[in-house]
1. Quick one: is ARG108 within 25 Å of VAL53 (Cα to Cα), more than 19 Å from the chain's Cα centre (by Cα), surrounded by 12 or more Cβ atoms within 10 Å (Cβ to Cβ) and not hydroxyl-bearing (Ser, Thr, Tyr)?
2. If you scan the stretch 63-98, which residues turn out to be among the basic types (Lys, Arg) and touching a residue at least 40 places away in the same chain (Cβ under 8 Å)?
3. Across the stretch 131-144, what is the total count of residues that are surrounded by 12 or more Cβ atoms within 10 Å (Cβ to Cβ) and either of a type in the set (D, E, K, R) or modelled with pLDDT of 95 or more (or both)?
4. Residues of the stretch 72-94 being under 18 Å from GLU142 (Cβ atoms) and either in contact with a Leu (Cβ under 7 Å, 6 or more places away or on another chain) or in a strand (DSSP E or B) (or both), which ones?
5. Just to be sure before I move on: is GLY88 modelled with pLDDT of 90 or more, under 23 Å from LEU124 (Cβ atoms) and surrounded by fewer than 13 Cβ atoms within 10 Å (Cβ to Cβ) in the structure I sent?
6. In the list ARG120, ARG125, which residue meets the criterion of being out of contact with any Gly (no Cβ under 8 Å at 6 or more places or on another chain) and surrounded by 10 or more Cβ atoms within 10 Å (Cβ to Cβ)?
Amino acid sequence: MDEYTPCKKPDPTAREAIGNVMRLMRVQSRKKNKYNARKTMVCGHTFDSKREVEWYMMLREKLRLGEIKHLECQPTYTLLEGFRDNQGKPQKPITYTPDFLVEYDDGRREVIEVKGVKTRDYVLRKKLFLHMMRDTDIIFREVR
């Protein structure tokens, strides 16, 4: 009986076929955003929608003109610190990331949220954020 020796070189056609199948699976797995929003990158920042980009460009122009003192994109606020539950399992913190934090020349600070669809998760985080910020001078503004 002859001894079995595997091929030293992989079959290039099989490799190409596997690559084609994997590419096809990746293309099929890309879902369209259910809210029809397209991620857009401008000036090194990634935004979730074109409307956010429009607001960013408008705020940048105001910053350039001196109407705004400071502009921060997507600041993160911790609404509830992480903790360990009664079984010792760590629980992650709950955070809220609005679209913009704007500081005006007169000292006012405003959080701007550009929103298309209000999800249940967003409504809950907004309420927690408003509760946390009730004693501060930060103004919350939601725009459509």
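The values are calculated or read from the model by the stated rules, or taken from the named source; none is laboratory data. Here the structure is a predicted model, which means the values were calculated and not measured. Neighbour counts run over all protein chains shown; Cβ positions are idealised from the backbone, glycine included.
1. Details: within 25 Å of VAL53 (Cα to Cα): yes; more than 19 Å from the chain's Cα centre (by Cα): yes; surrounded by 12 or more Cβ atoms within 10 Å (Cβ to Cβ): yes; not hydroxyl-bearing (Ser, Thr, Tyr): yes.
So ARG108 fits the description; yes.
2. Step one: filter the stretch 63-98 for residues among the basic types (Lys, Arg), giving 64, 69, 84, 89, 92.
Those that are among the basic types (Lys, Arg) and touching a residue at least 40 places away in the same chain (Cβ under 8 Å): none in the stretch 63-98.
3. 2
4. Within the stretch 72-94, GLU72, CYS73, PRO75, TYR77, LEU79 qualify.
5. no
6. Values: ARG120 fails: surrounded by 10 or more Cβ atoms within 10 Å (Cβ to Cβ).
After applying the criteria, what remains is ARG125.
Each row is one residue, and each column tells you yes or no for (1) modelled with pLDDT of 65 or more; (2) of a type in the set (A, V, I, L, M).
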site	(1), (2)
ALA17	yes, yes
TYR35	no, no
TYR56	yes, no
LEU63	yes, yes
LYS92	yes, no
PRO98	yes, no
ARG109	yes, no
